[in-house]
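S.K.: Can you read through this structure? Questions will come right after.
Read-outs throughout are calculated quantities, based only on the coordinates presented, and are distinct from any laboratory measurement. Remember, it's a predicted structure, so these values are computed and weren't measured experimentally. Counting neighbours? That spans all protein chains shown, and the Cβs are built from the backbone with ideal geometry, glycine included.
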Amino acid sequence: MTLRVLIVDDEQPARDRLAQLLEDEEACTLVATASNGEEAVSKAVDADVVLLDIRMPGMSGLEAASHINQLEHPPAIIFTTAYDEYAIDAFDARAIGYVLKPVRRARLKTALEQAGRLARGALEDLPTREPRQHVCARRQGELRLIPVDSITCFHADQKYVNVLHDSGEDLIDESLKSLEEEFGDRFVRIHRGAIVAADRIEKLERRDDGSIAVVLNRGSNDNELVVSRRHVASVRRRLRGG
């Protein structure tokens, strides 16, 4: 089987170096290159193997890998980096390979051979040490990146979570609990089925039926959400900065 390889690195010389090394690998073909994590996510669907830099401006390679893993048939990941302190993260991610720069032909060949044996479906859930800057929704087999800054609310919807954001809404296959743990500094729980971006809340308001509702800032894509009694006090504290 010929492996389709995607090269991802924010530096052109590094991409050129990897492309040159791949020319000598008969079992591999270069299908695309990308200069950042967002590009990597959009192009990974056509690859069997991704040679992925870790430290890049914007979305890091570790975050990009976590999104790529949500593809129906995720490619194998080989991290390429000049920094050996990420080895533990790569090990936790069960990456196929971890190649230090400057990339040596023999080391890359070994990693690619291993990827050939385990290509597709080899990357399991990726723990990231820093909160993501995007969440990832899957639409008709394609991945859609949603910037966390654009999200108003995460709302439980049966076994999925509905994400309300500036461009509309999408379902994601994640738990509300894990999202609250990851983004708890930016979102506040208003009831057991929803967490709301704290900076999108304008005020709390009592409605005619006696319930308390979150009134969102003008421009948000929903105007109010009911707060359960047990969470009113904690939401008030959060709005006061406590």
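S.K.: With labels modelled as points extended 7 Å from the Cα through the Cβ direction, what inter-label distance (nm, one decimal) is found for residue 208 paired with residue 27?
M.R.: Each label point lies 7 Å from its Cα, and together they span 7.2 nm.
S.K.: With each label point set 7 Å from Cα along the Cα-Cβ vector, what nm distance links residue 177 and residue 105?
M.R.: Roughly 5.3 nm, to one decimal.
S.K.: Let me know the shape class of region 146-239, please: from the alpha-carbon gyration tensor, a ≥ b ≥ c as square roots of the eigenvalues, rounded when a/c is under 1.5, otherwise prolate if a/b is greater than b/c, or oblate.
M.R.: It comes out prolate by the Cα gyration axes.
S.K.: Given Cα positions, please report Rg to Rh for region 3-118, the hydrodynamic radius being the Kirkwood one.
M.R.: Rg/Rh: 0.91.
S.K.: Could I ask something else about it? When the chain is fully extended, how far beyond the present Cα-Cα distance does residue 160 get from residue 237, taking 0.36 nm per residue of separation? Provide the component values of the computation, followed by the final result.
M.R.: Working: separation 77, 0.36 × 77 = 27.72 nm, distance 2.87 nm.
So the chain would gain 24.8 nm between residue 160 and residue 237.
S.K.: Right, something else. Lysines near residue 159 by alpha-carbon distance under 21 Å, same-chain residues fewer than 8 away left out - which ones?
M.R.: Cross-link targets: 177.
S.K.: Right, next: Once the piece of chain linking residue 46 and residue 217 is laid out straight, how much longer is it, given 0.36 nm per residue of separation minus the C-alpha distance between them? Intermediate results must be reported in sequence, preceding the final value.
M.R.: Values: separation 171, 0.36 × 171 = 61.56 nm, distance 4.03 nm.
Separation in residues times 0.36 nm, less the Cα-Cα distance, equals 57.5 nm.
S.K.: Hey, got a sec? Which GluC sites (Glu not before Pro) in region 33-82 land in a DSSP loop and have at most 14 other Cβ atoms within 10 Å?
M.R.: The qualifying sites are 72.
S.K.: Could you give the length gained by full extension between residue 230 and residue 113, i.e. 0.36 nm per residue of separation minus their alpha carbon distance, to one decimal place?
M.R.: Stretched fully, the residue 230-residue 113 segment lengthens by 36.6 nm.
S.K.: Roughly how many debye, to the nearest 20, is the charge dipole of region 23-78 about its Cα centre, given +1 on each Lys and Arg Cβ, -1 on each Asp and Glu Cβ, and no other charges?
M.R.: Magnitude of the dipole: close to 320 debye.
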